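The values are calculated or read from the model by the stated rules, or taken from the named source; none is laboratory data. Bear in mind the structure is a predicted one, so any value in this text is a computation, not a measurement. Cβ placement follows ideal geometry from the backbone for every residue including glycine, while neighbour counts extend to all protein chains displayed. When the accessible area is computed, the model is the full protein with side chains, heavy atoms only, and any ligands, DNA or RNA have been set aside. Shrake-Rupley method; radii C 1.70, N 1.55, O 1.52, S 1.80 Å.
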Amino acid sequence: ADQRQAAVMSALRVVQTECGWLSQESMSEVAAYIGMPEIAVMEVASFYNMYDLAPVGKYKISVCTNISCMLRGSDEIVDHLKKRLGIQTGETTADGKFTIKEVECLAACGWGPVFQIREKFYMQLTAEKVDQIIDELSK
């Protein structure tokens, strides 16, 4: 009982992996399973940018826009992604393949600009590298 809070993040991760995102219903189920107030689970899910509270594309592109990556051009990478995919941050392409999400830090400050798709990190990005990645994932 005294370890319930420690299980929330892992439980949310498992649910998101299985469902693709965290619905209100799924967060309520996590709360009931762990034996915690629903609001406590929702606070965790809404605080961390690794959790998605709305459906996302097959490939969620999490672009670090924190200071280290910003100084190395992450703003240009975000702009390029928006133009290339025809969507804004937080949106998903019409085919459901790509979602762009700005995140605070991916802990790869020395290799910026950086983005993450699933568990893979892409570092020292340029517009050309981004195009290659998008082309490969679009196949």
Result for the chain, cysteines with no Cys Cβ partner under 4.7 Å, is CYS19, CYS105, CYS109
Reduced to Cα centres, the span from segment 106-122 to segment 1-59 in Å works out to 23 Å
For the chain, the percent of accessible surface on carbon and sulfur atoms (probe 1.4 angstrom, ligands and nucleic acids excluded) is 53 percent
To the nearest Å², the heavy-atom accessible area per residue of segment 66-118 with 1.4 Å probe amounts to 54 Å²
dims of segment 1-88, Cα set, principal axes, largest to smallest, nearest Å -> 47, 25, 17
Sparse-neighbourhood loop hits (trypsin sites (Lys or Arg not before Pro), segment 101-133; DSSP loop; Cβ within 10 Å at most 15 others) -> ARG118
Charge dipole of the chain built from unit charges on the beta carbon (Lys, Arg +1; Asp, Glu -1), centred at mean Cα; most positive-end Cα among ILE34, GLY96, THR126 is THR126
Low-density loop GluC sites (Glu not before Pro), segment 32-139, at most 14 other Cβ within 10 Å, DSSP non-H/G/I/E/B, are GLU104, GLU119
Taking only protein heavy atoms and a 1.4 Å probe, the highest-to-lowest accessible-area order of ASP75, ASP2, ASP52, ASP95 is ASP2, ASP95, ASP75, ASP52
Taking only the alpha-carbon positions of segment 42-87 as identical scatterers, the Debye log10 I(q)/I(0) at q = 0.17, 0.24 Å⁻¹ comes out as -0.65, -0.97
Residue-normalised 222 nm signal for the chain, counting each DSSP H run of n ≥ 4 as -39,500 (n - 2.57), nearest 500 deg cm²/dmol, is -14500 deg cm²/dmol
